[in-house]
Amino acid sequence: MYPAPFQYHRAKTVDEAVGLLAGIGEGARVLAGGQSLLAILKLRFDEPTDLVDIGRIANLDQIDDAGEVINIGALATHNRIGASAIAEAIPIVSDCANGIADNQVRNLGTIGGSVASGDPSCDWPTLLHTLDGEILCQGPDGARTLDINGFVEDLYQTALKPAEIITGLRFKKPAAGSGGAYCTFKRCAPAYPTIAVGVQLTIRNGQVDSSRIALGSAGLTPIRASAAEAELTGGSLGADEINKAAEAAVAAADPYDDRRGSAEFKRQLIATLTKRAIAIAQRRAGGETVKNSPEYY
Amino acid sequence: MNDRILITVTVNGAPHEREVEPRLLLVQFIREELGLTGTHIGCDTSYCGACTVLLNDLPIKSCTMLAVQADGYEVRTVEGLEKDGKLHAVQDAFSEHHALQCGYCTPGMLMSACHLLETNARPTDLEIRKSIQGNLCRCTGYSNIIKAIASAADKIQEVSGQEVAGGNPV
């Protein structure tokens with residue numbers, strides 16, 4: 001399958017990429033790893049006039065532990081993040097990075113592309129919701145930082161302005177006594193998750209100090225389940241609290257019937273995966289090493 | 001509109017210079033421009049992995065990459081596995097363990113397996129299974145594929161052990 005014809009431009013710097021995008025206007029799309037974009041172009045869901053390839057811009061793929069904050073360059077691939085010291089230190093990052101698609105896709109796909117695509121099935125936006133992340137952007141009017149909350153505005157629509165690109169992502173390093181888990185249920189490795197749930201809990205003396213819960217593939221955008229978080233915060237993770245949190249997560253979701261499953265099936269998955277992610281997050285918060293991989297049908 | 005672009009891609013050690021349309025996919029460049037039809041197009045949607053090649057030593061799906069993105073890079077395909085008329089240990093093992101039925105997925109399976117054994121000389125059963133997560137065998141012949149990859153790992157170990165022994169006469 002051939003994409004419709006387009007002009008190709010390879011940018012050497014972020015400034016050059018922004019200049020090209022601004023000059024070309026509406027018909028331009030950004031190409032990074034291509035693992036979301038090329039599928040769209042091959043199916044001719046989109047027919048851009050021009051592609052601006054940012055894949056070779058230097059120093060945009062750094063993965064950096066800056067003490068309190070983790071910075072990840074937009075071009076860092078899923079596999080490089082998954083094999084990094086950061087994934088080793090923060091298991092929820094490993095869950096997400098190493099659970100995306102398969103080895104081949106993870107070698108090309110980038111975190112910036114996953115976020116910029118505005119696809120509710122992409123994993124990184126859901127993970128960034130779980131870790132309260134921020135998005136670093138650069139456009140014709142300069143650089144700015146956006147909160148992940150509200151970044152994906154609608155299906156395939158983000159808060160990026162015309163000619164603006166993502167240069168990096170960042171999030172605060174989880175505190176001591178904090179643990180997280182990112183749980184997915186998928187048809188097979190290369191498929192997007194049918195449902196994804198991210199949970200991050202900070203526990204002090206057996207009590208939940210703070211909690212974050214986010215859902216992927218559960219509606220037209222990634223969803224932060226604030227009401228589910230409220231069921232856990234201040235409590236001690238009793239069975240009743242966990243059940244209420246799972247119910248609240250289901251209520252926050254807006255799943256729809258598609259080839260991956262019926263809306264009702266997805267609601268049941270949200271409840272199950274929320275409970276599972278809470279359980280793993282709790283054990284990890286206690287210092288335990290817990291393996292966690294996607295589960296398949 | 002759609003100007004052709006001059007690219008150089010090194011495939012199995014040999015550099016190839018071509019003027020290509022930007023929309024040409026890497027798999028089409030390999031098959032149609034270079035005539036290396038060992039790399040297969042299966043699903044054409046990044047699911048099946050029949051088109052898997054190694055790009056700068058990492059497995060990727062060549063149906064989901066533009067040829068222009070590979071400009072200046074090194075690609076290895078199934079045709080590059082055989083050396084001096086001798087099959088690669090992984091190819092031998094696939095033959096020996098009947099790890100192919102229709103053979104359509106085989107070139108991609110071989111490239112994923114080669115990458116695994118180049119980066120992990122002694123893979124566990126789980127590591128072997130994970131390494132071919134992105135390769136679909138519609139004949140469902142996975143058991144023999146996994147056996148073949150494990151056997152190739154043993155064979156490579158054995159041969160490199162002999163070479164070391166041979167190079168160190170007592």
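A few points about this structure:
- Test for A:Arg170: is it surrounded by fewer than 22 Cβ atoms within 10 Å (Cβ to Cβ), touching a residue at least 24 places away in the same chain (Cβ under 8 Å) and within 18 Å of the chain's Cα centre (by Cα): yes
- Those residues of region B:56-67 which are surrounded by fewer than 23 Cβ atoms within 10 Å (Cβ to Cβ) and within 7 Å of chain A (Cβ to nearest Cβ), in sequence order: B:Leu58
- Subset of region A:51-65 that is facing chain B (nearest Cβ under 9 Å) and part of a strand (DSSP E or B) - its residue that is surrounded by the most Cβ atoms within 10 Å (Cβ to Cβ): A:Leu51
- Annotation: of all residues in region B:34-54 being at pLDDT 95 or above and on the phi > 0 side of the Ramachandran plot, the one that is nearest to the chain's Cα centre (by Cα) is B:Gly49.
- Filter pass, A:Ile72 being assigned by TED's automatic domain parsing to the domain that holds A:Gly113 and either touching a residue at least 60 places away in the same chain (Cβ under 8 Å) or in contact with a strand residue (DSSP E or B) (Cβ under 9 Å, 6 or more places away or on another chain) (or both): yes
- The criterion of at least 2 residues that are at pLDDT 95 or above and among the basic types (Lys, Arg) is met, among helices (runs of 4 or more DSSP H) falling completely within region A:187-297, by A:263-285.
- Region A:12-45, residues that are buried (at least 22 other Cβ atoms within 10 Å of the Cβ), in contact with a Cys (Cβ under 9 Å, 6 or more places away or on another chain) and either assigned to a helix (DSSP H, G or I) or away from chain B (no Cβ under 14 Å) (or both): A:Leu38
- B:Leu36 more than 22 Å from A:Glu47 (Cβ to Cβ), in the same structural domain as B:Met65 (by TED's automatic domain parsing) and either among the aliphatic types (A, V, I, L, M) or in contact with a strand residue (DSSP E or B) (Cβ under 6 Å, 6 or more places away or on another chain) (or both): yes
The values are calculated or read from the model by the stated rules, or taken from the named source; none is laboratory data. Quick caveat: nothing in here was measured; it's all calculated off a predicted structure. All Cβ positions, glycine included, derive from the backbone under ideal geometry; neighbour counts span all protein chains shown.
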